[in-house]
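A short worksheet on the structure shown next.
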Amino acid sequence: MPARKVIDRITGNVMAVAAIGSASLLIVVAGALSVRSAPFLLTVPVTDIFLGSTWMPDEGHFGLLVPIVGTLLVTAIAMAVAVPLSILSAIYLAEYATERVRAKVLPLIDLLAGIPPVIFGVVGVLVVVPAVASLAATLGPLGIPFFGTTDYNTGFSVLAGGIVLATMVFPIIISISEQVLRAVPAEIREASLGLGATRWQTIKHVGLRMAFPGMGAAIILGFARAFGETMAVLMVVGNVATIPSSVFDPAYPLPALIANNYGEMMSIPLYDSALLFAALLLMLVVLAFTVLARLILVRIERGMAHG
Amino acid sequence: MDRVTEERAMKGLMIAALTIVVGSLIAIIGVVVWKGLPSLSIEMLTETPRGGYYTSTGGGGILNAIVGSLYLAFGSTLIALVISVPAAFALQDEYLGRTRYAGRLRLALDVLWGTPSIVYGAFGFIVMLYLGIRASLLGGIIVLTLLQIPIMIRAMEEVIRMVPREIKEASAVLGATRWETTTRVVVHQVAPGIITAVLLAFGRGIGDAASVLFTAGYTDSLPGSLFEPVASLPLAVFFQLGMPYPEVQARAYTAALILLVIVLLLSLASRALAKRFRKNILR
Amino acid sequence: MTHDATAAVNPIRIKDVSGFYGPSRVLDSINLEIPRNRITAIIGPSGCGKSTLLKCFNRLIDLVEGASYSGQIIVDGVDVLGKDADVLEIRRKIGLIAQKPTPLPLSIFDNVAYGPRIYGQKDRAELEKIVRHYLEVAGLWEEVKDRLKTPAINLSIGQQQRLCLARGIAVDPEILLCDEPTSALDPVSSQHFEEQLKLLKEKYTIVIVTHNIHQAMRLADYVAYIYLGELIESGPAAEVFENPKDERTKAYIKGVFLNDLPPEAGERSGSNPEDFGGRDEDPDVQHGRILVPGLSEGD
């Protein structure tokens with residue numbers, strides 16, 4: 001067999017190993033986490049884990065309800081803030097902005113995507129937290145449900161966490177949504193405009209309808225990102241292990257739980273196992289959402305190719 | 001509301017939304033510069049923290065974090081590069097791209113791409129326990145490498161996939177093997193794109209905190225050996241920000257500024273390369 | 001007699017209209033009068049600015065990046081190309097049937113009802129009447145009356161074009177522009193479409209751009225020959241076809257017969273520079289990929 005063919009075969013195999021090996025990281029990571037969480041799962045009853053609201057590892061209480069609820073709340077607030085702002089921005093960029101505006105703004109959005117989480121945290125601590133504190137001071141006494149507060153609010157809260165997360169999630173939703181909107185064929189747009197529809201009517205009745213699956217996928221990916229973010233949230237959310245009853249209350253999301261306690265992991269029995277289970281939980285949730293979103297996006301990409 | 005008014009109202013909302021989004025970016029850069037610039041000095045950049053414990057008030061700078069981050073990022077990026085480049089090419093049609101399990105490979109890599117860095121940190125922790133390594137430069141590099149591989153592969157893949165099939169066919173028709181086509185033809189087309197992918201992953205490696213939190217430790221000194229803890233810029237910010245001593249906080253802000261500047265430079269470089277890439281690619 | 005009298009009243013006046021794509025001029029000082037309630041065919045080889053002229057009529061030209069125009073198109077005393085013109089109203093009054101049938105991604109019913117809905121018609125019963133009426137006028141009602149709620153995309157291409165016709169006249173325009181409306185259709189569908197057009201001229205002023213001379217001969221009352229952006233000759237169809245005054249017209253018309261090609265009812269027109277708007281050039285879309293932030297290659 002000529003040398004060239006041999007080289008081709010060998011290099012091909014090496015490359016395949018690299019690819020398959022990298023992909024199987026997924027199984028390795030998930031597997032390792034599962035193995036190490038097993039002791040925890042086998043010892044503590046599942047109901048205690050998910051529904052128990054006491055987190056006192058030294059006494060053997062590993063109720064994850066508080067962190068789970070905290071994570072969900074922070075993520076929900078983040079999405080509530082991010083989704084409207086992102087979709088509106090994406091529509092503007094895709095449908096109304098001139099090429100010059102797009103050329104200037106789209107790179108900025110990309111830049112936002114690349115900023116390290118810890119910097120979001122810094123700005124969160126310096127700007128968002130005090131802002132939330134003063135907001136709490138004005139809104140608290142009004143007694144609006146979920147917006148109440150005790151006498152002194154530090155600002156380290158679910159709301160602060162949500163706002164910081166929202167800024168981290170903007171680029172994902174905007175970028176994908178903008179692309180799917182632009183993908184609406186020009187003829188269809190022209191058909192609608194030619195009938196005398198305004199641009200907004202065209203977007204509302206036709207564009208959004210066609211872009212809807214893609215936007216859905218974008219939002220799902222954004223959710224996954226917000227769910228798993230550790231550093232930025234850690235710095236502004238207060239890290240108090242209670243279930244928040246108001247947006248001004250602190251919380252203790254799952255990533256924060258893990259990050260804050262890894263130092264003591266080995267000193268208490270089952271602690272490391274519990275925390276690693278928390279990590280596994282994070283991974284599984286993000287996995288589910290990522291798979292869902294990618295399935296939608298792949299379907300759309302196929303449509304675009306044949307389009 | 002008649003339709004013209006409705007459109008005007010919506011446009012107003014949209015511009016407001018976009019202003020908030022862009023405004024947040026500007027606010028972030030503004031705040032970091034505002035806080036970090038005053039503390040910026042030669043001393044800051046060239047000395048390690050003095051006085052023993054890293055939250056001490058003895059003055060000094062953040063050289064430990066700067067160098068530490070560079071070591072971590074370069075180390076992990078290099079290793080990740082060596083694995084990712086072959087892997088990215090392997091996913092192309094002429095190699096594994098057409099097999100039954102190609103879809104599953106891609107999906108797995110996508111999931112890994114979206115996996116939070118703290119999960120990688122936790123996994124790294126397990127690996128280190130298993131291997132008997134303490135929190136160290138080596139630990140940090142291992143975890144960052146794992147974090148970067150999916151990012152690099154995906155970024156490279158996006159670029160390689162854009163190479164028009166005709167180009168590869170033109171080479172194959174002449175009797176070239178896949179390896180020859182890849183190395184002599186495709187690589188030239190995608191080189192800038194590969195570099196962009198590397199820059200992107202490097203940025204992640206230098207800016208990520210959650211993964212190195214467990215695995216790289218922290219220290220006041222410059223990186224010694226692979227097996228000693230190493231400082232990093234994100235952790236320099238995180239650990240020193242909350243301290244009630246202005247000198248310590250100053251180090252945190254400067255570290256944040258340096259981090260931001262690095263990320264900005266990487267982004268600019270990426271963009272410049274992407275433009276060149278767009279010009280070179282045959283359509 | 002009465003017919004010709006109304007036709008002569010209040011024609012559409014195209015005055016010195018020029019069109020540009022960037023620096024290149026695709027329409028050169030067109031001066032033309034288009035009579036009401038007649039079919040005027042604009043003929044000439046593909047890619048010579050005819051579509052551009054149509055796009056000027058309903059200001060769709062505004063959407064094309066880099067396109068500019070000058071001159072006036074006076075309809076009922078109003079200059080359509082004017083800066084202050086009410087573009088939305090213009091587009092209601094002047095409908096356009098494009099070359100490639102483009103059903104909206106909605107049901108058949110919703111396609112036809114789209115126009116009226118946009119203008120505020122909400123009453124269900126009214127909409128049903130409107131949809132039925134215009135589908136009948138377009139000659140499509142019998143074929144689709146049982147599946148109005150099904151997606152329009154499932155229709156055959158000939159039916160889609162008739163749907164676009166129904167949709168276009170459902171907004172009650174006065175003028176109907178047709179840009180090579182049958183070039184994407186097979187001969188049978190083309191014939192159907194042409195028959196509908198002939199019936200429509202009672203109510204609407206029709207301008208049809210076609211590179212198919214035989215079609216023009218079948219349909220047109222008036223003809224304008226545009227070559228390389230310039231209006232070469234215009235007049236009543238009989239005159240232009242039988243006794244062309246300009247040498248170039250003669251050459252074009254004779255050329256068709258000399259080449260002895262069968263009527264190109266199903267032929268696709270070639271690649272028109274006018275067909276390329278700004279958006280189709282979006283490189284990311286062309287490749288059919290969705291890029292995620294942080295990984296995008298920049299714009």
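The values are calculated or read from the model by the stated rules, or taken from the named source; none is laboratory data. Given the structure is predicted, the values throughout are model-derived calculations rather than measurements. Here Cβ is always computed from backbone atoms with ideal geometry, including for glycine, and neighbour counts include all displayed protein chains.
Looking only at residues in region A:185-231 that are surrounded by fewer than 21 Cβ atoms within 10 Å (Cβ to Cβ), more than 10 Å from chain B (Cβ to nearest Cβ) and of a type outside the set (A, V, I, L, M), the one that is nearest to A:ASN260 (Cα to Cα) is A:GLY216. Of the helices (runs of 4 or more DSSP H) entirely within region C:102-162, those holding at least 2 residues that are within 12 Å of chain A (Cβ to nearest Cβ) occupy C:108-118. Applying a threshold of 7 Å to beta carbon distances and a minimum spacing of six or more residues, or different chains, the list of pairs starting in region C:127-155 at a residue that is free of Cβ contacts under 8 Å to residues at least 12 places away in the same chain and ending at one that is of a type in the set (Lys, Arg) reads C:TRP141/C:ARG132.
So that you can scan it fast, the table gives a plain yes or no per residue for (1) part of a helix (DSSP H, G or I); (2) of a type in the set (Gly, Ala, Ser):
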site: B:TRP179; (1), (2): yes, no
site: B:VAL185; (1), (2): yes, no
site: B:ALA191; (1), (2): yes, yes
site: B:ALA197; (1), (2): yes, yes
site: B:LEU213; (1), (2): yes, no
site: B:SER225; (1), (2): no, yes
site: B:VAL248; (1), (2): yes, no
site: B:LEU257; (1), (2): yes, no
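Where helices (runs of 4 or more DSSP H) sit wholly within region A:1-118, those with at least 3 residues that are touching a helix residue (DSSP H, G or I) at 6+ places or on another chain (Cβ under 9 Å), within 14 Å of chain B (Cβ to nearest Cβ) and surrounded by 14 or more Cβ atoms within 10 Å (Cβ to Cβ) occupy A:3-43, A:65-91, A:99-114.
Here is a yes/no grid of residues against (1) within 30 Å of B:ARG276 (Cα to Cα); (2) among the aliphatic types (A, V, I, L, M); (3) in contact with a strand residue (DSSP E or B) (Cβ under 8 Å, 6 or more places away or on another chain):
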residue	(1), (2), (3)
B:GLY103	no, no, no
B:ASP110	yes, no, no
B:TRP113	yes, no, no
B:TYR130	no, no, no
B:GLY139	no, no, no
B:LEU144	yes, yes, no
B:THR182	yes, no, no
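Check region A:285-301 and report whether any residue there is surrounded by 23 or more Cβ atoms within 10 Å (Cβ to Cβ) and more than 10 Å from every other protein chain (Cβ to nearest Cβ). Checking region A:285-301: not a single residue is surrounded by 23 or more Cβ atoms within 10 Å (Cβ to Cβ) and more than 10 Å from every other protein chain (Cβ to nearest Cβ).
Quickly run through region B:259-271 and pick out the residues that are under 19 Å from A:GLY124 (Cβ atoms) and surrounded by fewer than 24 Cβ atoms within 10 Å (Cβ to Cβ).
Matches in region B:259-271: B:LEU260, B:VAL263.
Selection within region B:93-118: residues that are outside any helix (DSSP H, G or I) and surrounded by 21 or more Cβ atoms within 10 Å (Cβ to Cβ). The member of this set that is farthest from the other protein chains (Cβ to nearest Cβ) is B:THR115.
On inspection, C:PRO181 passes the criterion of being touching a residue at least 24 places away in the same chain (Cβ under 8 Å) and assigned to a loop (DSSP other than H, G, I, E, B).
Can you find a residue that is closer than 20 Å to B:LEU40 by Cα, at pLDDT 85 or above and of a type outside the set (Lys, Arg) anywhere in region B:168-186? No, region B:168-186 contains no residue that is closer than 20 Å to B:LEU40 by Cα, at pLDDT 85 or above and of a type outside the set (Lys, Arg).
Among the candidates B:ALA236, B:ALA216, B:ALA209, the residue that is within 13 Å of another protein chain (Cβ to nearest Cβ), touching a residue at least 24 places away in the same chain (Cβ under 8 Å) and under 30 Å from B:PRO192 (Cα atoms) is uniquely B:ALA209.
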